[in-house]
Structure formats: structure tokens, C-alpha cells
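Everything below concerns the one structure shown next.
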Number of protein chains: 2
Amino acid sequence: MLAAWRELNAAHARILDALEHALQERHRLSVSEYEVLQRLAEAPEHKRRMQELADDAHLSQSALSRLVGRLETAGYVDRCICDYDRRGIWAELTDAGRAAQVEAEPTHRQVLAATL
Amino acid sequence: MLAAWRELNAAHARILDALEHALQERHRLSVSEYEVLQRLAEAPEHKRRMQELADDAHLSQSALSRLVGRLETAGYVDRCICDYDRRGIWAELTDAGRAAQVEAEPTHRQVLAATL
DNA sequence: GAGCATTATATGCACATGCAAGGATTGCGC
DNA sequence: GCGCAATCCTTGCATGTGCATATAATGCTC
């Protein structure tokens, strides 16, 4: 039980480290940032609610809010208000954001292939 | 490949969160802090070099240095200089530290049993 | 043994994260 | 329609983390 947890932890740390360094070095993206771009790329209309993204990325609301803020500053994402529930916010991938995700995808895939 | 990584990530996040909250609530310890106490408890003479502990906990040197600083402040660990290599530092579990680890162990085990 | 690269740890700094609180909107009960 | 709890997001704050650097000790080369 303890051994299994330690193995899981070790594998996670190893892969995350490799991803983090490769994505940062080659694309100036953190793993969480790339993960959000990827989820948006998969989503219908390239849109997703903030709370859904937080769940996807295993982040708190506040952490995700600031992460999307960074992506917005970078021009990768637009925030727009949900029509039928004005509390909600859609994060929507821009063309530049989609391009960045497409560019980073091979790196992501290669690192997984090498470490998983 | 991607799916496997996402599953690994999800499992890790779920278990880590549960451990973090339980250990914090019941014993005022973070997961990394408990992990270090546990490794020290397992070690011969309850002693271990800083670098080894950093590897155990998957932390950077600096993060581990400060973590041991916190454990020292709490009275759970002593730092002592290595005789035959005066650059090296042993972190040594105190009686209070050992007691804290023994007290927290059931929590750790229960959470793993419930989530793993 | 003098100089220099290497190893082991600590610290200044920047930053991402979580928690708690705030502000806005919705929906439910009456 | 009014009040009030619940939901969705943002922000102030404290803190843990990594990177780069500083300090100290070792060992290697000549």
C-alpha cells in the first residue's frame, strides 16, 4: 500500500518534471497552462466554463482564475460572459491560442512517450 | 498515452488532496513533512543526509532545506554536522519527532486504504 | 601546499497555489 | 416580488517551491 503510493508519487514527479522543463524551455508554457489549452482545443467551439477547467486541471478556482488571466494576457484566450447565466464565464481559445497548443502538442506527446 | 497520463494525474491529485487535508487537520503536518519524518523513522539511527531526503520527497534542495528548518523549529528534527565530511548535514529525528510520526501513521495508512 | 573544480547546504527572490472573503447573479420559498 | 441561501468568479494574503547564487568544505592536479 505504502509502496504503491510511493511508486505512484515517483512516477508522477518524474513525468511532471520532464513535461514542465520541456514545455517551459520550448514553448514558455507551464504544464497546467498547456493542459488548459489542450482541454479548450478539445471542447466544442473551443469554449469551456471556468469551473470545468479548474476540475480538468486539478486546480482551485483562484489558481485557475489567475492562470486564465495569464493566458488572456498572452493572447491565447478570451473571457466572455455566459448569456443565460451571467455569473458564468466562458474561456474561449483564440487563433493564437490554438496555434500555440498545436505547436506544443508534439513536445507533450514526445515527453510522455519517453517517460511513461 | 494521453489518457494514461491523465488518469495517473487524477489519481495522484485525488490521493494527495485527501492526505494533505487529513494530515493537516489532525496533525498539523503537510504531506512532504510527514514523508520526511517517515523516511527518518525508517533510516538507521533515525538519521539521513539532506540530499537523500530531497530525493525521497521529490523536492529541490532549497525546498527541503526550509522544510527541515520548519521541522527543526517544531522540535521534530535536529541538524548535526557530518563528522567525516563537514559539508554534509544529518537530519536526525528527535523523540518528539518520532512520536509525531507514530501518531500520524494511522491517518496516513487509513487515507491510503480509502483512496488508493 | 596552492589553486581550482566539485560537492553539500543555505538564502534572496520571484511566482504559482490555496484559503478566506468579497461582489455579482441566480433560484428557491413564501 | 422579497428575502436569503447557493453558485460563479475574482482578489488579498500567506506560504511553499524552484532557480540562481552565496558560503563552506573536500579532493584533485601540478
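The values are calculated or read from the model by the stated rules, or taken from the named source; none is laboratory data. Just so we're clear, the structure is a prediction, and the values are computed from it rather than from any experiment. So basically every Cβ, Gly included, is an ideal-geometry build from the backbone, and we count neighbours across all protein chains shown. These accessible areas exclude ligands, DNA and RNA; they are computed on the full protein's heavy atoms, side chains included. Shrake-Rupley method; radii C 1.70, N 1.55, O 1.52, S 1.80 Å.
A few points about this structure:
- The one condition from (1) within 10 Å of chain A (Cβ to nearest Cβ); (2) closer than 18 Å to B:LEU112 by Cα that B:MET1 does not meet is (2).
- Residue in segment B:12-28 that is farthest from B:ARG98 (Cα to Cα), counting only those that are in contact (Cβ under 8 Å) with a residue 12 or more places away in the chain and touching a Ser or Thr at 6+ places or on another chain (Cβ under 9 Å): B:ARG14
- Evaluation of A:TRP90 against (1) open to solvent by 50 Å² or more (accessible area, probe 1.4 Å); (2) more than 9 Å from DNA strand D (Cβ to nearest atom); (3) not basic (Lys, Arg) (one fails), failing number: (2)
- Segment A:25-59: number of residues that are within 13 Å of chain B (Cβ to nearest Cβ) and either open to solvent by 60 Å² or more (accessible area, probe 1.4 Å) or away from DNA strand D (no atom under 15 Å from the Cβ) (or both): 7
- In segment A:1-24, residue least open to solvent (accessible area, probe 1.4 Å) [restricted to those that are touching a helix residue (DSSP H, G or I) at 6+ places or on another chain (Cβ under 6 Å) and more than 22 Å from A:VAL111 (Cβ to Cβ)]: A:TRP5
- Residues that are in contact (Cβ under 8 Å) with a residue 12 or more places away in the chain, surrounded by 15 or more Cβ atoms within 10 Å (Cβ to Cβ) and either out of contact with any Leu (no Cβ under 8 Å at 6 or more places or on another chain) or hydrophobic (A, V, I, L, M, F, W, C) (or both) are absent from segment B:79-87.
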